[in-house]
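The structure appears right after this line, and notes come after that.
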Amino acid sequence: MAAEKELEIGDGGNKKKKMIIIAAAAVVLLGGGGAAFMMMGGDPPPVAEAPAEGAPAAEGAAPAADGAAAAAGGPEVGSALYVGMPRPFVFNVAGANRDRLVQIKAQLLVRGTQNEETAKQHIPLIESTMLRTFSKANADELVTAAGKETIKAAALKDVQEALKGVAGSPVVEEILFTGFVMQ
């Protein structure tokens, strides 16, 4: 009789463990399902542009505007492509107390396949321009988020100017830092 009571107590513990395992598995599956749903979810529907002042609003105006942008050679909105820089930028910057070594991994945001090909073709020019801009930085500035944004904006401006001289257009819309280490 005493052995039966011990077995019953043991079964209750196993049931609790099973319930905990099942609950944990359910949470993991729901979390994974939610993440998959978010990742597979489509892009939000495009927002129609407002007609210019004095222009009548027509139903077919949005497709005509897209066609006009493509015909004008301008990149389509939503055709963002990323061009990865082949190697990280490694450089020294002066600081108040000591010099620092900085490593920045970057990618370029371009619009359209033509700009992607142009950016890939001019990677050495882009690397040189960005490294020159980054080397002008100060370690005390790069410690702050505002300093990082400032150097990123300066690099974008310099890269766009360099590409205008060679390719005839700015090509790069944005520079993204995908890695930033300062020692």
For this session: Amide H neighbours of Glu174 under 5 Å, at least 5 residues apart or on other chains, H built in the peptide plane: list them.
Result: Leu109
Problem set entry | Long-range HN-HN contacts of Ala106 with modeled amide H, under 5 Å | Met85, Phe89, Thr178
For this session: Run down the lysines and flag those whose C-alpha is under 30 Å from the C-alpha of Lys148, throwing out any fewer than 8 positions away in its chain.
Result: Lys105, Lys120, Lys136, Lys157, Lys164
For this session: Determine ³J(HN,Hα), in whole Hz, for all residues of the range 152-161 in sequence, where each value follows from phi through the Karplus function 6.51 cos²θ - 1.76 cosθ + 1.60 and θ = phi - 60°; x replaces Gly and Pro.
Result: 5, 5, 5, 5, 4, 4, 5, 5, 4, 5
For this session: Using packing as a proxy for protection, rank 145-157, 85-97, 102-114 so that the peptide with the highest average count of other Cβ atoms within 10 Å comes first.
Result: 102-114, 145-157, 85-97
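Any read-out appearing in this document is the output of simple, stated calculations on the displayed coordinates, not a laboratory observation. Computed from a predicted structure; not experimentally measured. A quick note on method: Cβ atoms are made from the backbone with ideal geometry, for glycine too, and the neighbour counts reach across all protein chains shown.
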